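The values are calculated or read from the model by the stated rules, or taken from the named source; none is laboratory data. Model, not experiment: these values are computed from the prediction. Every residue, glycine among them, receives a Cβ derived from its backbone with ideal geometry; neighbour counts consider all protein chains shown. We work out accessible area using only protein heavy atoms, side chains counted, and drop any ligands, DNA or RNA first. Shrake-Rupley method; radii C 1.70, N 1.55, O 1.52, S 1.80 Å.
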Amino acid sequence: MAQFASPQVSHKLRLPRPPGACCKATTMASLSSSGKTAIASLKLSQGLWGSPELNLCPLRLLGSDPSRSFAVVRDSAEGTVVGENVDHNKVEDSSPEKFEERDFTGTPYVPVYVMLPLGVINMNSELVEPEALRNQLQVLKSVGVDGVMVDCWWGIVEAHSPQGYNWSGYKKLFQIVRDLNLKLQVVMSFHECGGNVGDDVHIPLPHWVTEIGQKNPDIYFTNKEGKRNTECLTWGIDKERVLRGRTAVEVYFDYMRSFRVEFDEFFEEGIISEIEVGLGPCGELRYPSYPEQHGWKYPGIGEFQCYDRYLMKNLTQAAEARGHSFWARVPDNAGSYNSQPHETGFFRDGGDYDSYYGRFFLNWYSRVLIDHGDRVLALANLAFEGTRIATKVSGIHWWYKTASHPAELTAGFYNSCNRDGYAPISAMLKKHEAALNFTCVEMRTLDQHEGFPEALADPEGLVWQVLNAAWDANIPVASENALTCFDREGYNKILENAKPWNDPDGRHLSAFTYLRLSPVLIEKHNLTEFERFVKRMHGEAAPDV
């Protein structure tokens, strides 16, 4: 793959990062290249945990038996992570390097939640292995975890007929959580689970919706080749009565209102602390611009996803309103899913992305995304009045060090080098007093440079920009990790972002959600390290282990 030889680094203004944000440390990639890290695939049992073919990224468990190594994994329902293959036969034992840790004793209390397995509720809306789950939750409670996050899947609850809701499995789950005196973050998951590498659970959109899609495939996002993406519904039908007499936002509102009525006691008792509203693929506010099922591979720039007839009609109206009807088109020189920016006329340095037409199109494309969030969150506030709502924004860190930021642009974040694409999103969230939940807070830029230098990625720079955009808008900022992390180095990186060093305004994360509950997390060494992390997030003294 050709490399982008002369990147133009973004000169967007950002607050200076706290000490340690870019400190040099032993990284996953550098350990791998020296032959000191190994991968072992985790084969989880059927049932609650499934049996995924896991997407792997190498990481040595610090302090563990050197003969045992685990893989850092990420559920592809949460997005995409890339790993490296490591020859297990070349593993050499080495002691973890010592480094000075920051003392978080007395720092602000940041609640810690843990995501439940994707398939904790099956397609019949039944709780899977309730006693095993109860035991796991008791363990989490014993190490100080504040609560759990669970997806309430639209494709399970309203599976067979419009407004025919079945919440039975979730009722049993919530009762167990309440019995253990834990809190709940609940995700209104209006997207499909499955279809990507590593997914062991497949939860499609409701059957009655997919039946409509067979006759009218334009209810789905569509790429330039006409391929439909069934992960979620296009925002073009937010106000179109194509779902058996209802618009998409009416369907979402009816679902949320049903949940609020069904679980009233859990709201009144304060068990449900937050509702995260799914606004796109993987529950994230973005276009499905990098779908693995359509052939995308990291670090491809992705493709614009607005070729369904409803969004094309919207684009035509916007171009005519601007007085340039010939602008009613999607860029034809933006490459394909796996292109690199310098290979395209649109995203290359000095490319059409910064032309009059390019700026018009990108403004329209990103505005459609923000308007979708605006509409759905307004109705979420009506349904969940008095309860904090949140939405998740994905961390698209690859190509961040180029001028155009193409992977962000195709996902709907107009964040090229001369524009802050996250300030308008934060302003929209502020309008609804909604929290922003951001990913990849444990990732290190150096790791990406070592493993994938051609990607010109900068997760640390992206995290710092997004967190500051949200804090500047005075909205709560929560986060979650993109990689399942078991080691101290990863936890320390999360802590750095959760509680920035010497912030003059004392800003910190409102909550952190760990991805994800598994048998590996419950193993003694991993649990001990996780408990220490939880104590430090809570601002408690946490001696070394």
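May I ask for log10 I(q)/I(0) of the stretch 351-418 at q = 0.15, 0.16, 0.24 Å⁻¹, from a Debye sum over the Cα atoms as equal point scatterers with solvent left out?
-0.59, -0.64, -1.01
Would you mind computing, in nm to one decimal, how far apart the modelled labels at Trp208 and Lys297 are, each placed 7 Å from Cα along Cα→Cβ?
4.2
So, for the stretch 334-402, what is the accessible surface per residue at a probe of 1.4 Å, expressed in square angstrom? Present the calculation step by step, with values, prior to reporting the outcome.
Numbers: 2230 Å² over 69 residues.
Per-residue accessible area for the stretch 334-402 comes out at 32 Å².
Take the solvent-accessible surface of the protein heavy atoms, probe 1.4 Å, and return the percent of it on the stretch 264-304 that carbon and sulfur atoms account for.
Values: 410 of 1000 Å².
Result for the stretch 264-304: 41 percent of the exposed heavy-atom area is carbon or sulfur.
Find how much the distance from Lys224 to Asp544 grows on full extension, using 0.36 nm per residue of separation minus their present alpha carbon separation; answer in nm with one decimal. Could you put the intermediate results ahead of the total?
On the way: separation 320, 0.36 × 320 = 115.20 nm, distance 5.43 nm.
Extra length available between Lys224 and Asp544 comes to 109.8 nm.
State whether the stretch 180-302 is rounded, prolate or oblate according to the following rule on the C-alpha gyration tensor (a ≥ b ≥ c being the square roots of its eigenvalues): a/c under 1.5 gives rounded; otherwise a/b larger than b/c gives prolate, and the remaining case gives oblate.
oblate
Just to confirm the filter: which trypsin sites (Lys or Arg not before Pro) across the stretch 325-364 are DSSP coil and have at most 15 other Cβ within 10 angstrom of their Cβ? It would help to have the intermediate numbers written out before the result.
Details: sites: Arg329, Arg348, Arg359; in loops: Arg329, Arg348.
Loop-located and lightly packed - Arg329.
Along Cα→Cβ, 7 Å out, is where each label goes; now give me the distance between the ones at Ala132 and Asp179 in nm to one decimal.
If labels sit at Ala132 and Asp179, their model points lie 1.8 nm apart.
Mind checking the alpha-carbon convex hull of the stretch 124-258 and giving the volume per residue in Å³? Each step should come with its number before you reach the end.
Working: hull volume 17.8 nm³, N = 135.
About 132 Å³ per residue, rounded to a whole number.
Between Ser142 and Lys215, with labels modelled 7 Å along Cα→Cβ, what's the label distance in nm to one decimal, could you check?
Modelled inter-label distance: 5.6 nm.
Is the stretch 201-240 best put as rounded, prolate or oblate by its Cα gyration tensor, with a ≥ b ≥ c the root eigenvalues, rounded for a/c under 1.5, and otherwise prolate when a/b is larger than b/c, oblate when not?
On the way: a/c = 1.59, a/b = 1.21, b/c = 1.31.
Taking the square roots of the gyration eigenvalues as a ≥ b ≥ c, the stretch 201-240 is oblate.
Specify the inter-centroid distance of the stretch 147-192 and the stretch 248-289, based on alpha-carbon positions, in whole Å.
10
Counting pairwise Cα distances across the stretch 361-472, what percent come out greater than 26 angstrom? Walk me through the numbers before you get to the answer.
On the way: 1349 of 6216 pairs.
Value for the stretch 361-472 (Cα pairs over 26 Å): 22 percent.
Note down, for the stretch 286-394, the three equivalent ellipsoid semi-axes (square root of 5 times each alpha carbon gyration tensor eigenvalue), biggest first, whole angstrom.
On the way: eigenvalues 158, 83, 29 Å².
Over the Cα atoms of the stretch 286-394, the ellipsoid semi-axes are 28, 20, 12 Å.
How big is the shadow of the Cα convex hull of the stretch 106-154, averaged over all directions, in nm²? It would help to have the intermediate numbers written out before the result.
Working: hull surface 17.2 nm².
Result: 4.3 nm².
Probe radius 1.4 Å, ligands and nucleic acids ignored: give me the carbon and sulfur share of the accessible area of the stretch 112-161 as a rounded percent.
Working: 750 of 1550 Å².
Its accessible area is 49 percent carbon and sulfur atoms.
In debye to the nearest 20, how big a dipole does the stretch 462-540 give about its Cα centre with +1 on each Lys and Arg Cβ and -1 on each Asp and Glu Cβ?
Dipole magnitude for the stretch 462-540 comes out near 160 debye.
Starting from the Kirkwood Rh over alpha-carbon pairs, what translational D in µm² s⁻¹ does the stretch 246-293 have by Stokes-Einstein at 25 °C and 0.890 mPa s? Write down the numbers at each step before the final one.
Working: Rh = 12.9 Å.
Approximately 191 µm²/s, per Stokes-Einstein.
So for the stretch 203-267, what are the equivalent ellipsoid semi-axes in whole Å, largest first, each being the square root of 5 times an eigenvalue of the Cα gyration tensor? Before the final figure, lay out each step's value.
Details: eigenvalues 139, 30, 22 Å².
Result for the stretch 203-267: semi-axes of 26, 12, 11 Å.
So what is the orientation-averaged projected area of the stretch 393-545, using the convex hull of its C-alpha atoms, in nm²?
Numbers: hull surface 40.8 nm².
Projected area, direction-averaged: 10.2 nm².
Run the numbers for Arg359 and His324: contour at 0.36 nm per residue of separation, minus the present Cα-Cα distance, in nm. Numbers along the way, then the final one.
Numbers: separation 35, 0.36 × 35 = 12.60 nm, distance 1.31 nm.
Between Arg359 and His324, full extension yields 11.3 nm more.
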